[in-house]
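Comments concern the structure below.
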Amino acid sequence: MFLPKYVISDQLLANIKRINSLVLNLNSRRFPKLVLAEFEKTARAISAHASTSIEGNPLPLTEVKKILKSKPENIRNSEREVLNYNQALIRLNTRIKSNDATLTLELILDIHRQVIDGLLPPYESGRLREKPVVVNDPRIGQVVYLPPDVEKIEELMKDLVFFVTKNNGHIDPLIIAGIFHKQMVIIHPFMDGNGRTTRIATKVLLAQMGLDTFNLFSFENYYNQNVMKYFQMVGEYGDYNELSKQIDFTKWLEYFTEGIIDELLRLTKRLPEASKTPETRLDAYHQRILDYIHKHNFITNRDYARLTNRAKATRNMDFQKLIDLEYIERKGKGRSTYYVLKAP
């Protein structure tokens, strides 16, 4: 049975509290659908670039964005890697929105199959490895880590998924997600694509913790800013058979949560700024409508007329803009028409 060793240090506890505060703040705010869609698209491009770059993909972010936009037919492996990662994120987002993304071994294998499509032989795609592998340090050209033996892989992966399932609701979801991330890297269950599959699977657990805006940020980008530190924190050095009972997850969990804070702070700053375009900007009279609904639960055209001296046709345009931006929705008909906040 998998029993990870860690302590809830003062730093880790502070990080968790800050993340919960940032998540609560973001989830309680409403942003135009147009802005959220653009942020999701950008986050996928950054994630596809960062996660493949961590593994040595040489394509710069500008080139990655061009590839994702044009989707060329004749592609090199470096281009296939980013296209696969982007497509895997799209499919995962769809499944999460449909409440169809519970973490299972089958889901992990499916993610690997998408990530590695066309890059590994079919018999190694979406399948646990059946051969021994080693982890090299490219700087010194030497083996630095020996992952578990082939016979142990399936049992270790099942134990890891069981740990996640069993402790859901009992251990803080951030700790569960962080432990899952590092342990899967340590197990190294595939011939290739381990890091990319792990990082996408971790997003499943972040979404389950109630982070509605998880698809708007890229924690992979935080790791890519200092790849060597990421490898030092997430990996281990030596032989798994000798290390397995000594591994302490505490420092990694501190680092893992710091990366999420970094991205949430960026979102907290940039989302409001992006909302201030001519198409999405709200003026004082729009805010009066929203404030009134917050206080009274609904507003009618007659209520709004008492708040402003704007003409009836203009008032209708004000309501329509808020409807188009999905802040509010119309209820009733004719003289019985009223407006309420649109459910998130």
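Do we find a residue being among the acidic types (D, E) and touching a helix residue (DSSP H, G or I) at 6+ places or on another chain (Cβ under 7 Å) anywhere in the stretch 207-214?
yes
Filter the stretch 161-176 down to the residues that are in contact (Cβ under 8 Å) with a residue 12 or more places away in the chain, in a helix (DSSP H, G or I) and farther than 16 Å from L107 by Cα and list them by number.
P173, L174, I175, I176
Considering only the stretch 42-52, I want to know if a residue exists there that is without any contact (Cβ under 8 Å) to a residue 24 or more places away in the chain and in contact with a Lys or Arg (Cβ under 9 Å, 6 or more places away or on another chain).
Start the filter on the stretch 42-52 by keeping residues that are without any contact (Cβ under 8 Å) to a residue 24 or more places away in the chain, which leaves 42.
So of that shortlist, the ones also in contact with a Lys or Arg (Cβ under 9 Å, 6 or more places away or on another chain) come out as 42.
Yes, the conditions are met somewhere in the stretch 42-52.
Looking only at the stretch 267-288, decide whether some residue is in contact with a Ser or Thr (Cβ under 9 Å, 6 or more places away or on another chain), of a type in the set (S, T, N, Q), in a loop (DSSP other than H, G, I, E, B) and surrounded by 16 or more Cβ atoms within 10 Å (Cβ to Cβ).
Looking through the stretch 267-288, none of the residues is in contact with a Ser or Thr (Cβ under 9 Å, 6 or more places away or on another chain), of a type in the set (S, T, N, Q), in a loop (DSSP other than H, G, I, E, B) and surrounded by 16 or more Cβ atoms within 10 Å (Cβ to Cβ).
Right, E263: crowded, with 19+ Cβ neighbours inside 10 Å and either hydrophobic (A, V, I, L, M, F, W, C) or within 25 Å of D10 (Cα to Cα) (or both) or not?
It is true that E263 is crowded, with 19+ Cβ neighbours inside 10 Å and either hydrophobic (A, V, I, L, M, F, W, C) or within 25 Å of D10 (Cα to Cα) (or both).
Which of the residues spanning the stretch 326-338 are surrounded by 10 or more Cβ atoms within 10 Å (Cβ to Cβ) and either within 15 Å of Y285 (Cα to Cα) or among the basic types (K, R) (or both)?
Y327, I328, R330, K331
One residue is enough: does the stretch 112-121 have a residue meeting the conditions assigned to a loop (DSSP other than H, G, I, E, B) and surrounded by fewer than 14 Cβ atoms within 10 Å (Cβ to Cβ)?
yes
Could you check, for the stretch 129-149, whether at least one of its residues is at pLDDT below 90, in a helix (DSSP H, G or I), surrounded by fewer than 21 Cβ atoms within 10 Å (Cβ to Cβ) and out of contact with any Phe, Trp or Tyr (no Cβ under 6 Å at 6 or more places or on another chain)?
Within the stretch 129-149, not a single residue is at pLDDT below 90, in a helix (DSSP H, G or I), surrounded by fewer than 21 Cβ atoms within 10 Å (Cβ to Cβ) and out of contact with any Phe, Trp or Tyr (no Cβ under 6 Å at 6 or more places or on another chain).
Given the criterion within 30 Å of H294 (Cβ to Cβ), assigned by TED's automatic domain parsing to the domain that holds G193 and either touching a residue at least 12 places away in the same chain (Cβ under 8 Å) or basic (K, R) (or both), identify the matching residue among L26, L61.
L26
Tell me yes or no: at least one residue of the stretch 248-264 is under 30 Å from Y230 (Cβ atoms), small (G, A, S) and in a helix (DSSP H, G or I).
There is at least one residue in the stretch 248-264 that is under 30 Å from Y230 (Cβ atoms), small (G, A, S) and in a helix (DSSP H, G or I).
What number of residues within the stretch 316-331 satisfy the criterion of being part of a strand (DSSP E or B) and under 32 Å from the mean Cα position of the chain (by Cα)?
Counting residues in the stretch 316-331 that are part of a strand (DSSP E or B) and under 32 Å from the mean Cα position of the chain (by Cα) gives 2.
The values are calculated or read from the model by the stated rules, or taken from the named source; none is laboratory data. As the structure is a computational prediction, the values presented were derived from the model and not from experiment. FYI the Cβ positions are ideal-geometry reconstructions off the backbone, even for glycines, and counts take in every protein chain you see.
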